[in-house]
């Protein structure tokens, strides 16, 4: 995340103070240095720097702020998401899906918060090109999320897997392709949502 000019100044002041005195400045000292009217403004800047991964502190310990190095900050933003095989973006497919390693993603750039239920699937087919999902892309999927109308979902429809847009037609759930070459999928017996798409990764050749 980008820092504001004042946040950068506060961070540099904390770094300089630690370098010169081997001690973290207090909120009172930060407020005094920048001429803030109260410690609240200093606390707001410190909280923002923590939220952006630039500072950390130990709870209930005075002067425990620690500046996070650029490398540490980078490592915290990048997480490994397991890849559970491929999913057809075409006609539903009954092939068994297996784990195929993981994909490393910058969660801040992608704008997601991965959990233990987050996984990735590689797309095969062109039925979702209307949503800019192409063959070979990786979709990031969150399991356990209730789909809303218009969400892209990984689903089992009558025991066959597919990637489609979740829709409601006459009060019943259907799966809509985003390519006119493919029909809507209406479950004959069962529709199970495996997860809702929360992100997309495209690897260029």
*Which ranges mark the strands (runs of 3 or more DSSP E) fully within the stretch 99-205 that have 1 or more residues being closer than 30 Å to residue 3 by Cα?*
102-106, 118-124, 138-142, 191-201
*asked:* The conditions are (1) on the phi < 0 side of the Ramachandran plot; (2) at pLDDT 85 or above, and residue 158 fails exactly one of them. Which is it?
replied: (1)
_Tell me the residue from 65, 110, 71 that is out of contact with any strand residue (DSSP E or B) (no Cβ under 9 Å at 6 or more places or on another chain) and modelled with pLDDT under 90, please._
71
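The values are calculated or read from the model by the stated rules, or taken from the named source; none is laboratory data. Just so it is clear, the model here is predicted, and its values are computed rather than measured. A quick note on method: Cβ atoms are made from the backbone with ideal geometry, for glycine too, and the neighbour counts reach across all protein chains shown.
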